[in-house]
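So the structure is just underneath, and the comments pick up after that.
The values are calculated or read from the model by the stated rules, or taken from the named source; none is laboratory data. Since this is a predicted model, take the numbers as computed values, not measurements. Because the Cβ atoms are built from the backbone with ideal geometry, glycine has one as well, and the counts that use them run over all protein chains shown. The protein model used for the area step is the full one, side chains on, heavy atoms only, and it has no ligands, DNA or RNA in it. Shrake-Rupley method; radii C 1.70, N 1.55, O 1.52, S 1.80 Å.
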Amino acid sequence: MKIKGKIMKVSGPLVVATDLPGVKMYEVVRVGEEGLIGEVVELKGDHVSIQVYEETTGIGPGEIVVATGQPLSVELGPGLVTSIYDGIQRPLEIIKQKVGDYITRGIDLPKINREKKWKFVPQAKKGEKVNAGDVLGEVKETELVMHKIMVPPGVEGTIKNIFEGEFTVEDTIAELSVEGEKQIKKLCMLQHWPVRQARPYRKKLTLEEPLITGTRVIDTFFPIAKGGTACIPGPFGSGKTVVLHQLAKWSDADIIVYVGCGERGNEMTDVLLEFPALKDPLTGESLIKRTILIANTSNMPVAAREASIYTGITLAEYFRDMGYRVALMADSTSRWAEALREMSGRLEEMPGEEGYPAYLASRIASFYERAGKVTCLGSDQRIASLSIVGAVSPPGGDLADPVVQNTLRIVKVFWGLEDRLAYMRHFPAINWLRSYSLYVDNISEYMEKEVAPDFIKMRDEALKILQKVANLEEIVRLVGLEALSSGDRLILEMGKTIKEDFLHQHAFDEVDTYTSLKKQYRMLKIIMKLYYFVQELLDKIPFEQLMELKVREEISKMKFIKEKELNRFEEIEKELEKEIKMKKESLEKESVLSE
């Protein structure tokens, strides 16, 4: 029997109800005659504070509140990939077909299609003993995703029957006999999981492999490991969303979960329009076939922003449990924090810094700590990873903002976007002096083995040049370029080459949008080789002559060399060596003549 209470007070997304004995924290309730979806966030005596995830206009005291007895949960099973959901996992495409362009309040539809039949191919056998996480069978969900149907956490037993054929997600696909229980346990392809509870795994592992994004400033200078966490703070217009779109498009993850948390609707529209048209570089299939979208845009109820983050991470964990490499993009966690601040204010809690709740840091930490590389549950010991990249939108790009500071205490990679670079049309506008990655040591062995033995050393040398350039630019502003020595002018020139020919990357160019690690190494190697050659001849040949090398034009066009034509780098390298050799020979001839 469902418990029914009544509303005492309505304050925006906060509803206070009474007469709900036995109701628990984070339990889902239905509010008002329309049955709006809410979640219990505070219990104080007989008063129950409810966070409502829909517009509460028109709801008033005296109306009923019905407790469901269930926590806020997501549905897991075939049909998730290619879907677009709102913050509480309502399927937006189905809602549009049923009620039109606007979400009707209180609408309650199955989150996963109950009528579609999926071809289930068993992997386990009759008579086999199975534990939580063991794979019962597979369903080909899209051309890119083989959906593994697993034994739910907390369930174990011996397979009495397992069926092959086409089934809906609610049909029985296996029957287990559980020790100590007389009744046979029936399993279907559909699972439910509370969003605020992290899904279990066997063991957390050390991160050793980079998440390859195809963005040079990230992969070479500030890499993120598979299973790692990263943060992209930056002011409005600095390119946070474009960077996140790039990562979602080209990261070498098997599954992408993209959470639009309080951002403008047109940004989610870009994802919806671009992803189906883009081809996965590895498989040639549409990128949407490995993507799940959670859209909770700025015109949707504020409170649902909090739910959207948890919905996204729970879906990501589910695919991680199958053994996949999953990447979650959250745009932006600032909007989520603003939702926490609004609810905290309405609950009349003691405010922390800048009005944010005192528990802001622990909420941010509880989200990011669900990332990681793990050994999944199951007898086959699958190894999988879940990486999280969160954009932060501090007011005016102020990095002292509490959301930025609390995020930086937790994540290991910081890509600091700067509006100054964006206004100079340098994209991605990631500041190479402020940004950092704490995963460089973790992945150095992988880079040296899979790319080149001197990759990390070269990366460090290039970063040193960029740091020297920043110091020299200050001197140039004070005393002018002419006051610098030839060595310092070379560093300035090489810094310019690294910035313009390596770090600058065109997201909308067919070739330049994605760069493999091999190509990144070849590009940086040629730039550094030019630096070493010129440095060697600086004392003997005027600086201006050395900068007139014809090969520099080819170096400036390196980014547009296609992945299939990497042999062109050898030609550029030979041309560089040839020109340097000619310079040396002409120098030797001059010295002989002068003698």
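Summing Lys, Arg as +1 and Asp, Glu as -1, what charge do residues with Cβ under 13 Å from the Cβ of Met424 carry, Met424 excluded? Intermediate values should be presented prior to the final figure.
Details: positive: Arg420, Arg425, Lys496, Lys499; negative: Glu418, Asp419, Glu500.
So the environment of Met424 carries a net charge of +1.
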Between the stretch 231-271 and the stretch 559-589, what is the C-alpha centre distance in whole Å? 38
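Do the alpha carbons of any pairs in Lys529/Lys589; Lys203/Lys373; Lys119/Lys140; Lys457/Lys583; Lys519/Lys581 sit beyond 18 Å of each other, and which pairs? List each step's numbers first, then the result.
Details: Lys529/Lys589 24 Å; Lys203/Lys373 9 Å; Lys119/Lys140 7 Å; Lys457/Lys583 28 Å; Lys519/Lys581 25 Å.
Exceeds cut-off: Lys529/Lys589; Lys457/Lys583; Lys519/Lys581.
Give the peptides 234-246, 344-356 in descending order of average Cβ contacts within 10 Å, highest first. Please list the in-between numbers first.
Numbers: 234-246: 21.3, 344-356: 14.6.
My ranking of the peptides, most packed first, is 234-246, 344-356.
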Please determine, in degrees from 0 to 90 and to the nearest 10, the orientation of helix 333-346 with respect to the longest principal axis defined by the Cα atoms of the chain, where the helix direction is its Cα long axis. 40
Relative to the compact globular guide of 2.2 N^0.38 Å, what is the alpha carbon radius of gyration of the stretch 296-364, as a ratio? 1.28
So how far, in whole Å, is the C-alpha centre of the stretch 116-192 from the one of the stretch 18-67? 36
In percent, what relative contact order does the stretch 448-558 have, based on Cα pairs under 8 Å that are 6 or more apart in sequence? 31
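Can you tell me what percent of all Cα-Cα pairs in the stretch 522-595 are more than 17 Å apart?
On the way: 1247 of 2701 pairs.
So the pairs more than 17 Å apart make up 46 percent of the total in the stretch 522-595.
Run through every distinct alpha carbon pair of the stretch 444-531 and return the Kirkwood hydrodynamic radius in angstroms, one decimal place. Can you show the working numbers first?
Details: mean 1/r = 0.0695 Å⁻¹.
Evaluated over the stretch 444-531, this radius sits at 14.4 Å.
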For the stretch 220-279, which whole-number percentage of the solvent-accessible area (1.4 Å probe, protein heavy atoms only) is attributable to carbon and sulfur atoms? 65
Per principal axis, largest first, the Cα atoms of the stretch 135-213 extend in Å by 49, 32, 23
Based on Cα positions only, what radius of gyration and what Dmax would you give for the chain, in angstroms? 28.3, 107
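Tell me, what is the FRET efficiency for Met350 and Ser485 to the nearest 0.05, using R0 = 51 angstrom and their Cβ-Cβ distance as r?
0.30
Using the heavy atoms of the protein chains and a 1.4 angstrom probe, tell me the accessible area per residue for the stretch 431-559 in square angstrom.
Numbers: 6550 Å² over 129 residues.
Roughly 51 Å² per residue, with all protein chains present.
Mean shadow of the stretch 470-595, computed from the convex hull of its alpha carbons, in nm²? Please report the intermediate quantities before stating the final value.
Values: hull surface 36.3 nm².
For the stretch 470-595, averaging the hull's shadow over all directions gives 9.1 nm².
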For the chain, what does the relative contact order come out to in percent, with C-alpha contacts under 8 Å and a separation of six or more? 13
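Mind checking the full-extension length gain between Met8 and Leu433? Use 0.36 nm per residue of separation minus the Cα-Cα distance, one decimal, nm.
Values: separation 425, 0.36 × 425 = 153.00 nm, distance 5.44 nm.
Stretched fully, the Met8-Leu433 segment lengthens by 147.6 nm.
If you take every DSSP beta bridge whose two residues both sit in the chain, what share of them, in percent to the nearest 5, is antiparallel? Intermediate values should be presented prior to the final figure.
Details: 66 of 94 bridges.
Rounded to the nearest five, the antiparallel share is 70 percent.
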Using square roots of five times the C-alpha gyration tensor eigenvalues, list the equivalent-ellipsoid semi-axes of the stretch 185-322 in whole Å, biggest first. 24, 21, 17
For helix 265-277, report the angle its Cα long axis makes with the longest principal axis of the Cα atoms of the chain; keep it between 0 and 90° and round to the nearest 10°. 70
